[in-house]
Amino acid sequence: MPVVPLFFISLLLHAWVGWRIAPALGAVYPAAAVLWGAVLVASALLMPMGLMARRVSRGPVSVVLTWAGLLCMGLFSTLFVLTVLRDALLVLAWSITWVAGLAGRDVDMLVPLQIWSAVAVPVLGLAATLWGFWNARRTARVVRVEVPIAGLPAALQGFTVAQISDVHVGPTIRQDYLRRIVARVNALDADMVAITGDLVDGRVADLRRHVAPVAGLTSRHGIFFVTGNHEYYSGAQFGVDELRRLGITVLMNEHVVLQHDAAALVVAGVADYNAYHFDEAHRSDPAAALAGAPADVSMRLLLAHQPRSAAAASSAGFQLQLSGHTHGGQFWPWMHFVKFQQPFTAGLNRLEDLWVYTNRGTGYWGPPKRFGVPSEITYLRLVSA
């Protein structure tokens, strides 16, 4: 989006939030109302600058502006939602007061509620943002999941997969953050590691040293990667080539057969669901990814960035799909809106004979904020149904 409209939209939204809160806040705390206005003005200017800074410069000033802008984005998102909820509460209170008046009762709740709800909005917004920042910046927790598979060969009982997804190495997630993730994954000693897309958020040429720690991932059968939508925003092929150079197996509508003791396992991967918008050759196709797989190998695992690949995966005959993309909503209340785009938001779900596990994201996108949706490294264990 061009710079001028971006600034205009930002100023308009911030002005509305300021207008709804400042008068009531100033009635009891005039200095707080002035501070509130100053914070909103700064946020209105910094949010667009944070989004645009990397396009203009890649120096230290750009880094500072990006951090400031993304922090403001996280704060303002919560302030905006709380302001909308406050207005809804005030409408309800006004309705109760009006009905009580018709009944001849004097209910004086509106003015106190206006004042104290105006105080609550910035306090709660700041608290949620600080908690969300801590949640986002800490190393992702390990979520352990057992997946019951009908007809699972005895040799695959207990087969383990460590899954990471949506790390988004980029403006605020750098090599130290990724190293901590790699160390935690390696400590799991999984049979295989799956990276289900959106490893980077930017040009791999600029992020090469920050992506490099991924080469340190280890497992018995290797490290497997599929592209997410963010890989395509900055040139997916270069990123794919770089990951292959680092020793990662990239699956682009293809599969490998893993021999695990006395049994075999098909691991397939598809390009991102929307990859064809950028490169027709990368059109996601679970059936093509399975083409030529041994007919006598019953356990078939698909790596697909978006959960909405599940319908095609089920038709193709997969037993398990590992996905990401949704971030579980990342922070409240956005987890409630994911379902309008994706069939699943997070966790283990069932579609006909297919299990779909949706990772909540091992990093974060945009604002360094996770509130109500902690990041995760998933440790999946196959068991007989």
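The numbers here are math on the coordinates, done by the rules we state, and not lab data. Small disclaimer: the values here were computed from a predicted structure and weren't measured. In this analysis, Cβ positions are derived from the backbone assuming ideal geometry, glycine residues included, and neighbour counts consider all displayed protein chains.
For the reader, a short list of remarks on this structure follows.
- GNM remark for the chain: springs join alpha carbons under 10 Å apart, and the peak mean-square fluctuation among Ala118, Ala88, Ala127 falls on Ala88.
- Positive-end residue, the chain charge dipole about Cα centroid, Cβ charges, pick of Gly324, Ser284, Ala127: Ala127
- Extension gain for the segment Ile96 to Glu280, taken as residue separation times 0.36 nm less the Cα-Cα distance, is 60.5 nm to one decimal.
- Check: segment 99-163 dipole with +1 on Lys, Arg Cβ and -1 on Asp, Glu Cβ, in debye: 360
- Three principal axis lengths of segment 258-385 [C-alpha, angstrom, descending]: 45, 37, 24
- On Cα atoms only, tilt of 30-56 relative to the major axis of the chain in degrees: 30
- Residues within the reach of a label modelled at Ala150 (point 7 angstrom out along Cα to beta-carbon, backbone nitrogen below 20 Å), restricted to segment 351-368, are 351-357.
- If you take all other residues with their beta carbon under 13 Å from the beta carbon of Gln306, and give Lys and Arg +1 and Asp and Glu -1, the sum is -3.
- Inter-centroid distance (Cα atoms) of segment 72-141 relative to segment 174-193, Å: 40
- Within segment 137-195, the trypsin sites (Lys or Arg not before Pro) that combine a DSSP coil assignment with at most 14 other C-beta atoms in a 10 angstrom radius are Arg138.
- When Leu45, Leu258, Leu199, Leu75 are sorted by how many other C-beta atoms sit within 10 angstrom of their C-beta, beginning with the fewest, the order is Leu45, Leu258, Leu75, Leu199.
- Between the listed residues Leu92, Thr358, Thr218, the Cα displaced farthest toward the positive end of the dipole of the chain, a dipole computed from Cβ unit charges relative to the Cα centre, is found at Leu92.
- Computed E for Ala31/Lys339 - FRET, C-beta separation, R0 51 angstrom, nearest 0.05: 0.75
- In plain terms, the chain from Arg381 to Val297 could stretch by 28.4 nm, reckoned as 0.36 nm per residue minus the Cα-Cα distance.
- Per residue, the convex hull spanned by the Cα atoms of segment 326-385 amounts to 87 cubic angstrom.
- Listed residues Gln321, Gln163, Gln237, most fluctuating in the chain (Gaussian network, C-alpha, under 10 Å): Gln237
- If you take all other residues with their beta carbon under 9 Å from the beta carbon of Asn359, and give Lys and Arg +1 and Asp and Glu -1, the sum is -1.
- The chain: angle of helix 175-188 to the longest principal axis, Cα-based, in degrees nearest 10: 50
- Largest GNM mean-square fluctuation across Ala215, Ala100, Ala293, computed for the chain with C-alpha springs under 10 Å, falls on Ala100.
- Spin-label model distance (nm) - Thr139 vs Leu89, 7 Å beyond Cα toward Cβ: 3.9
- Three semi-axes describe the equivalent ellipsoid of segment 106-196; taken as square roots of 5 times the Cα gyration tensor eigenvalues and ordered largest first, they are 45, 21, 9 Å.
- Efficiency of FRET between Leu110 and Trp332 - r from beta-carbon atoms, R0 25 angstrom, step 0.05: 0.40
- R0 of 25 Å, Cβ-Cβ distance Gln157-Ala187: FRET efficiency to nearest 0.05: 0.65
- Using alpha carbons only: equivalent-ellipsoid semi-axes of segment 3-136, gyration tensor based, whole Å: 36, 14, 13
- Neighbour counting of Cβ atoms within 10 Å sorts the residues Asp296, Asp87, fewest neighbours leading, into Asp296, Asp87.
- Hz values of 3J(HN,Hα) by residue in segment 194-209 - Karplus curve (6.51, -1.76, 1.60), Gly and Pro given as x: 10, 10, 9, x, 6, 5, 10, 9, x, 6, 4, 4, 7, 10, 3, 5
- Antiparallel %, DSSP beta bridges [both residues in segment 319-385], to 5: 50
- Remark on Val143: its backbone amide H falls under 5 Å from those of Ile377, Thr378, Tyr379, a criterion applied only to residues 5 or more positions apart or on other chains, H modelled at 1.01 Å from N.
- If only the Cβ of Lys and Arg carry +1 and only the Cβ of Asp and Glu carry -1, the dipole of the chain around its Cα centre is close to 980 debye.
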